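Visitor: Pasting a structure here, questions to come.
The values are calculated or read from the model by the stated rules, or taken from the named source; none is laboratory data. Note that this is a predicted model, so its numbers are computed, not measured. Virtual Cβ from ideal backbone geometry, glycine too; neighbours counted across all protein chains shown. SASA here: full protein model, heavy atoms, side chains in, ligands and nucleic acids out. Shrake-Rupley method; radii C 1.70, N 1.55, O 1.52, S 1.80 Å.
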Amino acid sequence: GYSDTKFYYELGKVTLPVSPDFIYNDASDLDKDAVIFSAEDFLKDASGIDYHFNANNTTIQIEKGYVTAMTRVYVP
């Protein structure tokens, strides 16, 4: 797209298993250091995970059919 803008189109839905060594790196707050979470942290109410994921700020790494990592970055 214009000025390196990316366009995303929904093609469908898929459910993938999460790797036992999955990590979530939340680097979305420029005023704080990145925070690392594990898959187990998503099951805890008090984990502190902010669930504002979208195609512009979050990437997911998939290896051999397993989600191994997720990274969220700051987007103005």
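Visitor: Counting only heavy atoms of protein chains, what accessible area per residue, in Å², does the chain have with a probe of 1.4 Å?
Guide: Computed with neighbouring chains in place, this is 84 Å² per residue.
Visitor: Let me ask another. Could you work out the pair-distance distribution P(r) of the chain from its alpha-carbon pairs, with 5 angstrom bin width and percents rounded to whole numbers?
Guide: Taking all Cα pairs of the chain, the binned fractions are 3, 13, 21, 24, 20, 13, 6, 2, 0 percent.
Visitor: Could I ask something else about it? Got a sec? What order do Phe22, Phe53 fall in by accessible area at 1.4 Å, biggest, i.e. largest, first? Walk me through the numbers before you get to the answer.
Guide: Numbers: Phe22 15, Phe53 75 Å².
Final ranking, largest accessible area leading: Phe53, Phe22.
Visitor: Can you sort Lys6, Lys13, Lys44 by solvent-accessible area, 1.4 Å probe, largest first?
Guide: Greatest to least solvent exposure: Lys13, Lys6, Lys44.
Visitor: Among the DSSP beta bridges whose two residues both lie in the chain, what percent are antiparallel, rounded to the nearest 5?
Guide: DSSP beta bridges in the chain are roughly 60 percent antiparallel.
Visitor: When the accessible area of the chain is computed with all protein chains present and a 1.4 Å probe, what percentage of it is carbon and sulfur?
Guide: 55
Visitor: Keeping every protein chain in place, order Val67, Val14, Val75 by accessible area at 1.4 Å, biggest value first, i.e. largest first.
Guide: Val14, Val75, Val67
Visitor: Would you mind calculating the gained length between Thr15 and Asp31 on full extension (0.36 nm times residue separation, minus the Cα-Cα distance), in nm to one decimal? Don't jump to the answer; show the numbers that get you there.
Guide: On the way: separation 16, 0.36 × 16 = 5.76 nm, distance 3.35 nm.
Result: 2.4 nm gained on full extension.
Visitor: While we're on this one: Which value, in debye to the nearest 20, gives the size of the charge dipole of the chain about its Cα centre, when Lys and Arg are +1 and Asp and Glu are -1 at the Cβ?
Guide: With only Lys, Arg, Asp and Glu charged at Cβ, the dipole is about 300 debye.
Visitor: While we're here: For Asp50, tell me the accessible area in Å² from a 1.4 Å probe, rounded to the nearest 10.
Guide: 60
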